[in-house]
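Here the structure comes first, spelled out in C-alpha cells, and everything after it is commentary.
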Amino acid sequence: MAAAQIFGQALVGIKANTIEVETTISNGLPQLAIVGLSEKRARSMRERVRSAIEQSGFVLPDRRIVVNLAPADLPKEHSGFDLPVAISILVASGQIDPQDFLSVCAMGELSLSGRVRAAPGFLNAAINCQRQALALLGPYQDDIPMLPGELDYHVVGSLADLRQPLRPFDASMPEIPILEPQPEKVLDQVLGQAMAKRALIIAAAGDHHMLLSGPPGSGKTMLAQRLATLLPALNDAERLEIACIQSMAGKTEGYRNINRPFREIHHSASAAALIGGGSPPRPGEITMAHLGVLFLDELAEFAPNVLNQLRQPLESGSIDLQRAHHRVQYPAGFQLIAATNPCPCGWLGSRKPCTCSVEQVQRYRQRISGPILDRIDLQVSVNSLEPDLMLQSDALQTAQSPEHETAVAIIQKARALQQDRRQHKTRQHPRQQLQKDARRMLLSRAKSFHLSARSIDRIIRVSRTIADLEGETAILSTHLEEALLFRQG
Ligand SMILES: [Zn+2]
C-alpha cells in the first residue's frame, strides 16, 4: 500500500485552518473515494481531479484510491481542495517526488484540462501558511507577494507544471509603494448642507450611525459617500483583514491599496445578500462593509425582515450564520448611514408641494422606527438644493479641498483623545463628564421631551464626541445643545 500526505486549508468564517489531505492506494476494485466531504462535493471534485490528472500527462492508477480530508468536522465547502487532492494522488502513486511536498500546503481549483484557478479565500490561506511556517502552492495572485512577512510561495499554473521540480516564486519584483490617494470625494464638493456636513464630521469622529432625511435630489448619497473619506486611513492590519474578506468573495485588489469600503445597498436586497450565506458560504454586504461604511438608501422601502438582520451586527460587529453542520462567523463592524425621504412622495417640507395624507406620512415614518432607528445617534434633515448649486458642486475640482482637510484633521485629533481615554482605561461613563450646567440642561430636556434612557445615553455620547472635536475634557452645555439638534422628533 502506498500513502502520501499534503496540507490544504479549510475556511471557517474568514479564518483559514490547516487540514491534512491523505491518500492511500491499494489493490482492490478500481475506484476513487474522497472521504470527509459531502457526496455531492466529492462527486464533482472526482470528475475534475480525474480529468485534470489525465489531461496533464499523468495517470490515475487503476487501483483502489482513498483520499481522506481530516479533521472531518471542519467545513470543506470551497473548491480549493482539488489541487491538494490531485497532488496527494500523484505523490502516493510515485509520479512526483514526495520530498517536494513535505511541508507544503496547496490550494486551487482545477479545470478539466488541469489549469489551476484561484479559490475564494486564497489570501486567507496564505496568511495562515505564514503563521504555521508552511509553504504555499497555488496559482499566481498579485496580492500574495505583497504580504508583509516571509512566505515560501510556489506558483503553479497547471497540474502539468508539477512535472518540473518546485521552485519558489521569485520575489525580486519591485516594492509596490503604498499609495496615499487623494480622496475623490471631498466635503468641498458639497455646497451648502452645513448641518449635514457637521453631522458627518461628528459621525466620523465618534463612530456614530447616522440617518439623513430629505427630498429627492438633496444630495443624500453624495453626503453619505463622504463619510468613508473622512474616516482615518486604514492601517496595515485593517487592510489585510479587508483583503481577506474580498478574497472570500473571489476578488483580489491587492491589499496595499485598499481604502475604507463604502457599500451602497438597494432596498430590494435580500436578507442573504445583506448578511451572507450560500454554499460555499460567501460574505454579505455587511461583511464587505467591515471597517467602512454601509449605506442604506430609502430606508423606509427595506423589508422589515431584512432590516432586522442588522440588529446583531450593529450590536456585536459580527454576524453568525448557521450552516447545516456548523456555525460561521464573519466580521461586520461597519458604520451605518441611512437615508430616507421625509414622506412617500418625498417633498414634505421642501419647495415642492407634498401630496401625502397625514396617515401616509405617519405610516411611512413608522416603517423606519424601531430597532434600527434606536441605534442611530445622529438624525439630520437635508434641504433640497437649488439646481445651479448642484451644477457648481459637480464642476468643483478635488485638487484643493481645504474644508475636507480641516475636517480630517479635527476628526483625527478627536479620535486620538478617545484612544487616549481607552488606553488609560478611563472607566468613567461620559455621563460623569457632564459639566454642571450641561447636566441640569439635560435633565430639563429629558423631562419636557419624555426622552427614554437609551435616548439620553445616545445624546450624551454624541456630546462627548462634540467635546472631543473641541478638545474639551468636560462636556459643556454648548456641546449638549448641539447634540440635541441631531435628535429628531
Ligand atoms: Zn409627501
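Details
One line per residue, one yes/no per condition, for (1) surrounded by fewer than 24 Cβ atoms within 10 Å (Cβ to Cβ); (2) at pLDDT 90 or above; (3) not in a loop (DSSP other than H, G, I, E, B):
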| site | (1), (2), (3) |
| --- | --- |
| P183 | yes, no, no |
| R198 | yes, yes, yes |
| A203 | no, yes, yes |
| S218 | no, no, no |
| T221 | yes, yes, yes |
| P232 | yes, yes, no |
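- Members of the stretch 468-478 found to be part of a helix (DSSP H, G or I) and under 10 Å from L434 (Cα atoms), listed by number: S477
- Test for S463: is it at pLDDT 95 or above, in a helix (DSSP H, G or I) and of a type in the set (G, A, S): yes
- The stretch 345-367 residues that are over 18 Å from N383 (Cα atoms) and small (G, A, S), paired with ones that are at pLDDT 90 or above and within 8 Å of the ligand (Cβ to nearest atom) (beta carbon under 9 Å, 6 or more apart): none
- Every residue from the stretch 19-40 that is assigned to a loop (DSSP other than H, G, I, E, B) and surrounded by fewer than 12 Cβ atoms within 10 Å (Cβ to Cβ): N27, G28, L29, P30
Residues checked against (1) over 29 Å from the mean Cα position of the chain (by Cα); (2) hydrophobic (A, V, I, L, M, F, W, C):
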| position | (1), (2) |
| --- | --- |
| Q418 | no, no |
| H424 | yes, no |
| R439 | yes, no |
| L443 | yes, yes |
| F449 | yes, yes |
| V462 | no, yes |
| A483 | yes, yes |
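- Residue within the stretch 85-107 that is closer than 30 Å to Q329 by Cβ, part of a strand (DSSP E or B) and not β-branched (V, I, T) present: yes
- Leading residue by the ranking (surrounded by the fewest Cβ atoms within 10 Å (Cβ to Cβ)) among those in the stretch 365-400 that are modelled with pLDDT of 80 or more and part of a loop (DSSP other than H, G, I, E, B): N383
The values are calculated or read from the model by the stated rules, or taken from the named source; none is laboratory data. None of the values given here were measured: they were computed from a predicted structure. Reconstructed Cβ throughout: ideal geometry from the backbone, glycine too, with neighbour counts over all protein chains shown.
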